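Taken together, the values in this text are just the output of simple stated rules run on the coordinates, not laboratory data. Remember, it's a predicted structure, so these values are computed and weren't measured experimentally. Neighbour counts run over all protein chains shown; Cβ positions are idealised from the backbone, glycine included.
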Amino acid sequence: MRWGLRALAVLVAAGVGTSVGHADILQVTDLPAGKLTSVPSVSGDGRYVAFSSNANIAGLNPVPRTNVFVYEAITGTWSLITTDGGSDPSISADGRWVAFSSSADYTRANADGSDEIFKYDRSNRRFYQMTRDYLGEGSSGRPSINRDGTRIAYETNSNLSRRNPDFSNEVYFNRSGVNFAASVDPNGDGESLNPKVSGDGRFVVFETTSNLVANLDYSSELIIYDSATYRFGQLTYDAQGNGSSYDGAINVDGRFIAFVSSSNIANLNPEGSDAVFLIVNRRPTLVTETAAGAFGGSSPSVSDDGRWVVFVTSFNATGGNPDRNQEIVLYDSTRKAFTQLTSTATCSNTMPKVSGDGTHIVFLSNCDITGSNADRSREIFIADNPALRLLVQSEGPVNTEVRDPLDRIIRRNLNLIPGALYEEGDFDADGQLEAAVSIPKALDGAYRMTLFPELGALASDPVSLSVLLNGITIYLANDTVEALTGNEVSFNIQGLTRPVGRLKPESGLLSRVLLYGTFTQPPAATGPVTIRITDGANAAVFDLGRVEHYPVVGRRKSFSGSVNGFQVSMSIYTGWDGVARLNFVARGGDLTMFDGTGHVTMTVVVQVGKDTYLYQRRFKRFSTGELILQ
């Protein structure tokens, strides 16, 4: 993660099914033997991480008691939230509020020492007790707090509000200090647990074995509670009663819900795998699937916009996990793409949580990911999202200016892009000055880069400019100070619209690549043309000469010829609407490197002079072996 140079390790997980994953991973805790940490909770931008531990972290917890901590990733500083015990913390999106459970008497309202839900205001350093079991006959725990700290969902077996006389495990909801029962089992035949509240505080999703709506067989099903209407909705139905649904996670407005189920929901999981699903506007979709069907996953977490789902799996979803170790995998629901965040062996990575903005993932691991966990204790790690983080890097006696699609700028002495970082140095130790611009949440659209010469730079000094996104490095320019400085270069993320793509992974006459698309902005009129198609581990590259040398017929510039054993025809043409389009076909070469049985996430890079267009999406593999863009 590019918060300064605090990152301790860079992992690369490459393979079929995804572009290369390239995540900066930071080890947050370093616990002594015998000490433990809880599942972490992360703020909306990944800046703050809350957890509980019985270790003496940063010298703040000398008494061996489990207490709640908050770690700030930007500064690397720690805060101790509780001193007399606390567990199960949940932090609000802005990092101000921390909900937790404790038997301590922080507000002088818990003299009986029962397990209650508390909320701590980090700005005003004040505790609030949210539950009170007057008889001390039950306990409350596992709180989930919304983005502004005004709503908390939790589970309890206390008789709060006199709604739970049988002391069964139920889900409750605290709104502005008032507790409401989100689940009440009238017969005490089941239990409700593991609640998660939406960021806006309206919805609570939880699992239940009670018959709250339509669960006559008392199987584990997923329920959503609407606090505005006080109504339930059952999200899953296992008619046969031989599967279960659990581990729910919900986004900011309740439209996206990730969960695990072994039920054959919507006929998407006939084999009964413990698969990860994503409900989109109450319609289920299967996340953990390949051409062969569903595969297992656990502990899903979903970003605020519903785009990113992170989960744990031992399945080789990307080609980067041949030993079937338990790894953290990120799913892009927009592009249908998997990225493997961890690449480890004989150890476990568990309980990932994605930040609301999708830029960071926290998780637990007993692996020695950074070289700082030789004793293989279970530690907290935080990773950036390599599919969102854009790194722009120049080398040579120049400084770099970058403008994003919203025309926000970052350069040496000015930064208007949230979270972006400008650094200078000789990062690869080759004696050449480099400028690196790191943008944690790259937007779709055009990034425009301009290089400016340093004082004393010679016109003949060599200069290069490259970008790195999701582990794929693309060289945008490589020339001299005189040729490159002052000239704008563009990098267009998802730079093709309405694309059509087909790839037949054969060799010889049967092989074929077909790509049609519309450029998001007109390409340069001069310069070399290159088309690159890669799955992250393999690539087909076509160098097609200079566009100004192409024959021109009307509004069409065309290339036809033999390239790397392929017969290639390509045209760039502008319609009467002024929109530029690409038509590319290559036949007769070797594409067997893309052979296989699974779907493949392809990255297509089209470079025309100073303009580069990147498009990434899953190609679905059919029974014939042909890959077709979804």
Give the order of Leu455, Leu391, Leu222, Leu443 when sorted by the count of other beta carbons within 10 angstrom, beginning with the fewest.
Leu455, Leu443, Leu391, Leu222
Region 572-601: chymotrypsin sites (Phe, Trp or Tyr not before Pro) in DSSP loop, at most 10 other beta carbons within 10 Å
Trp576
For the chain, what does -39500 (n - 2.57) per DSSP helix run (n ≥ 4), summed and divided by total residues, give at 222 nm, in deg cm²/dmol to the nearest 500?
0 deg cm²/dmol
Just to confirm the filter: which chymotrypsin sites (Phe, Trp or Tyr not before Pro) across region 94-148 are DSSP coil and have at most 12 other Cβ within 10 angstrom of their Cβ?
Tyr134
For Lys504, which lysines qualify as cross-link partners when the Cα separation must be under 16 Å and same-chain residues fewer than eight apart are set aside?
Lys620
Karplus (6.51, -1.76, 1.60) ³J(HN,Hα), θ = phi - 60°, over region 288-293, in Hz, Gly and Pro reported as x
8, 9, 10, 4, 8, x
If N is the residue count of region 496-629, its Cα Rg over 2.2 N^0.38 Å rounds to 1.02
Through the Karplus equation 6.51 cos²θ - 1.76 cosθ + 1.60, θ set to phi - 60°, convert the phi angles of region 456-471 into ³J(HN,Hα) values in whole Hz; use x for Gly and Pro.
x, 5, 8, 4, 8, 4, x, 9, 9, 9, 9, 10, 10, 9, 6, x
Going out from 0 in 5 Å bins, what whole percent of all Cα-Cα distances in region 390-493 drops into each bin?
2, 13, 27, 26, 19, 9, 3, 0
Show log10 I(q)/I(0) for the chain at q = 0.05, 0.11 Å⁻¹, two decimals, from a solvent-free Debye sum over equal Cα scatterers.
-0.26, -1.10
Stretch gain in nm, segment Asp200-Trp576, where the contour uses 0.36 nm per residue and the Cα spacing is subtracted:
130.7 nm
Arrange the following residues from fewest to most other Cβ atoms within 10 Å of their Cβ: Val68, Val604.
Val604, Val68
Using alpha carbons only, how many angstrom separate the centre of region 440-473 from the centre of region 505-536?
23
How many angstrom lie between the C-alpha centres of region 96-114 and region 233-256?
31
Hits among lysines - C-alpha to C-alpha of Lys557 under 25 Å, sequence gap 8 or more where chains match:
Lys610
